Amino acid sequence: MNYSIFDGHNDVLFRLFLKNKINAHEDFLSGDNEGHLDLPRMEEVDFRGGFFAIYVPSPEVEVSSSDKPIRYDDMEKDEYSLPLPDLIGSDQALPIVIRKISLLSQIEKHSQGKVKICLSGSDLEKSFHQRSLSILMHIEGAECIDDNFYNLEALYRSGLRSIGPVWSRPTIFGEGVPFAFPHSPDTGKGLTSKGVELIKHCNDLKIIVDNSHLNEKGFWDIAKYSHNPLVATHSNAHQLCPHTRNLTNKQLDAIKETKGMVGVNFAPAFLRPDGKMIAETDIQLIVDHFKYFIDYLGEEYVGFGSDFDGAMMPKNLSSVLGMTLLIELMVKQGFSEDLMKKLCHQNWLSLIKRTLT
């Protein structure tokens, strides 16, 4: 049986942006067979929606580069703590964000109805069941938001419905986690006063706030100031992999209490007990994190959060086509049809519908 998939996080817009082409949207729609995602491959495995991230690369990342500013070979060591780039100002970040919104708009415009940027929970649910590629626009790292929040309102009007205050590197709103193993996510200060304002503005506008990449003190600040469910779109269980990017049991308790969501991240460094970012990684580890979350949170609060086109993948998930193998493995290990529907899309759609009224 095929299971329609809605995913918590991908970076295909970053991959397309790095092409530095006016018609990069055509590569996605026709299928360039590069990276992890394009429309034909997504349609082949019934991958029908997700949070599409808009990420601002650091100045040292050239357009010809395929990596975020993290060296994967440094993450092959037994222990590591990688330095992060400096803060980026909104004047530098905003033009890049606008370019990516334009790229996403071009994808929708030229898709002949196959792609839909969704603005509400009901909008998303309708689009998903009509079998369009249903997109929730997400900003990964709030560098583009000015300290008066004028940009936030404008971006909301442009379709923004989800935001992470940080992508690991600091912003005027808070601190992210460095890529460190083994280590707790308790790595620094929490939200700034502007960060608290950001959360309140997001609540007012009904924008989902993503805790992935945020340090533990920032997580607890969001828990304090937000009245929405706590969400981590692409994070794993710290109990199974003690990486800074993963969630402790105490954080999971808070997510469960608010009826929030966790999307399981496929990147090896956040799956493996040894924290190494290597492709020779068994996809069984993805299933293990699902089992842990289901046991700890319950069936209703877990979904996919792949990080396709934003991180290294296990070799059997070298593209979205590998989702077939992963789903088959889950079914073989006793995941029922009803449970698979929840994990593949129903849980995310429910969370979004409850938050984006």
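When Gly305, Gly310 are screened for being in contact with a Gly (Cβ under 6 Å, 6 or more places away or on another chain), crowded, with 24+ Cβ neighbours inside 10 Å and at pLDDT 95 or above, only Gly305 passes.
Counting only helices (runs of 4 or more DSSP H) wholly contained in segment 115-226, the ones carrying 3 or more residues that are over 27 Å from Pro40 (Cα atoms) occupy 150-157, 193-205, 216-225. Scanning segment 177-198 for residues that are of a type in the set (A, V, I, L, M) and closer than 17 Å to Leu84 by Cα yields Val177, Ala180. Does Pro57 satisfy being under 18 Å from the mean Cα position of the chain (by Cα), surrounded by 15 or more Cβ atoms within 10 Å (Cβ to Cβ), at pLDDT below 95 and not in a helix (DSSP H, G or I)? For Pro57, the condition - under 18 Å from the mean Cα position of the chain (by Cα), surrounded by 15 or more Cβ atoms within 10 Å (Cβ to Cβ), at pLDDT below 95 and not in a helix (DSSP H, G or I) - is met. Only one of the numbered conditions (1) touching a Leu at 6+ places or on another chain (Cβ under 9 Å); (2) surrounded by fewer than 18 Cβ atoms within 10 Å (Cβ to Cβ); (3) assigned to a helix (DSSP H, G or I) is violated by Gln112, and that is (3). Selection of first residues in segment 263-280 that are over 19 Å from Gln251 (Cβ atoms) and of second residues that are hydroxyl-bearing (Ser, Thr, Tyr), restricted to Cβ pairs under 8 Å at least 6 apart or on distinct chains, gives the following pairs, ordered by first then second residue: Phe266/Ser306; Pro268/Thr281; Arg272/Thr281; Met277/Tyr72; Ala279/Ser318. A Cβ distance below 7 Å, combined with a sequence gap of six or more or placement on separate chains, defines the contacts here; from segment 18-33, residues that are among the basic types (Lys, Arg) reach residues that are modelled with pLDDT of 95 or more in the pairs Lys19/Asp27. Given (1) more than 17 Å from the chain's Cα centre (by Cα); (2) small (Gly, Ala, Ser); (3) surrounded by 21 or more Cβ atoms within 10 Å (Cβ to Cβ), identify the lone condition not met by Gly298. So the condition that Gly298 fails would be (3). Filter segment 189-242 for residues that are β-branched (Val, Ile, Thr) and within 18 Å of Ile54 (Cα to Cα) and give the result. Correct list: Ile207, Ile208, Val209, Val231, Thr233. Has segment 300-307 got any residue that is in a helix (DSSP H, G or I) and more than 19 Å from His36 (Cβ to Cβ)? Yes: one or more hits.
Filtered by the rule that a residue be out of contact with any strand residue (DSSP E or B) (no Cβ under 9 Å at 6 or more places or on another chain) and part of a strand (DSSP E or B), segment 243-286 gives no residues. Determine whether Ile101 is assigned to a loop (DSSP other than H, G, I, E, B), surrounded by 16 or more Cβ atoms within 10 Å (Cβ to Cβ) and not small (Gly, Ala, Ser). In short, no.
The values are calculated or read from the model by the stated rules, or taken from the named source; none is laboratory data. Keep in mind it's a predicted model, so treat the numbers as computed, not measured. Reconstructed Cβ throughout: ideal geometry from the backbone, glycine too, with neighbour counts over all protein chains shown.
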